[in-house]
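Read the structure below first, then the notes.
We did not get these values from a lab; they are worked out from the coordinates using the rules stated. Bear in mind the structure is a predicted one, so any value in this text is a computation, not a measurement. For neighbour counting, all protein chains shown are included, and Cβ atoms are generated from backbone atoms with ideal geometry for every residue, glycine included.
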Amino acid sequence: MDSDKKAKLKAWHEQEKKKLLDSIPMSHADLRDLFALLDREDASPCDHTLRETIEFLEKRKLDVDKIVPWLQEHGGYCDCEVIYNVESEFGELIDDN
Ligand SMILES: [Zn+2]
């Protein structure tokens, strides 16, 4: 691949990454904390709802009505899916921010 193509590809990736980051309806710190909470070692088994996620959002007075649809858009329909799907998509992206 010539360097011009490489640069374009890189720019495209950066753009896609930025789009994803801009779509997050909460601060990166809050999202990191949410992942850490759901992924903790003594977490109770998922009851196939977003119970813990919603508890966390309400405790922090975050916008549940905005954040839950966003999580679902990225495959997070219950607490464990937030880790499997959303964390795997966004975990690295928000790591260095
Ligand atoms: Zn689950």
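In whole percent, what relative contact order does the chain give with Cα contacts below 8 Å and a gap of six or more residues? Kindly include the intermediate steps, with their values, before the conclusion.
On the way: 64 pairs, mean separation 30.0, N = 97.
Result for the chain is 31 percent.
Placing +1 at every Lys and Arg Cβ and -1 at every Asp and Glu Cβ, with all other atoms neutral, what dipole size does the chain have around its Cα centre, in debye to the nearest 20? Kindly include the intermediate steps, with their values, before the conclusion.
Working: 14 positive and 24 negative charges, 100 e Å.
The dipole magnitude comes to about 480 debye.
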Computed helical MRE - 222 nm, the chain, DSSP H runs ≥ 4 contributing -39500 (n - 2.57), nearest 500: -16500 deg cm²/dmol
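Between rounded, prolate and oblate, where does the chain land on the alpha carbon gyration tensor, with a ≥ b ≥ c its root eigenvalues, rounded for a/c under 1.5, else prolate if a/b exceeds b/c? If you can, show how the numbers build up before the last one.
Working: a/c = 2.55, a/b = 2.15, b/c = 1.19.
Judged from the Cα gyration tensor, the chain comes out prolate (a/c at least 1.5, a/b above b/c).
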Among D22, D39, D30: highest mean-square fluctuation, GNM of the chain, C-alpha pairs under 10 Å: D22
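Listed here are the pairs K6/K66; K18/K61; K17/K61; K8/K61; which of them are more than 29 Å apart at the Cα? Please list the in-between numbers first.
Values: K6/K66 36 Å; K18/K61 25 Å; K17/K61 27 Å; K8/K61 41 Å.
Over 29 Å Cα-Cα: K6/K66; K8/K61.
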Karplus-derived 3J(HN,Hα), 6.51/-1.76/1.60, for each residue of the stretch 36-45, Hz, glycine and proline x: 4, 5, 5, 9, 5, 5, 9, 4, 6, x
Listed residue (P25, C80, V64) projecting farthest to the positive dipole end of the chain, Cβ model: P25
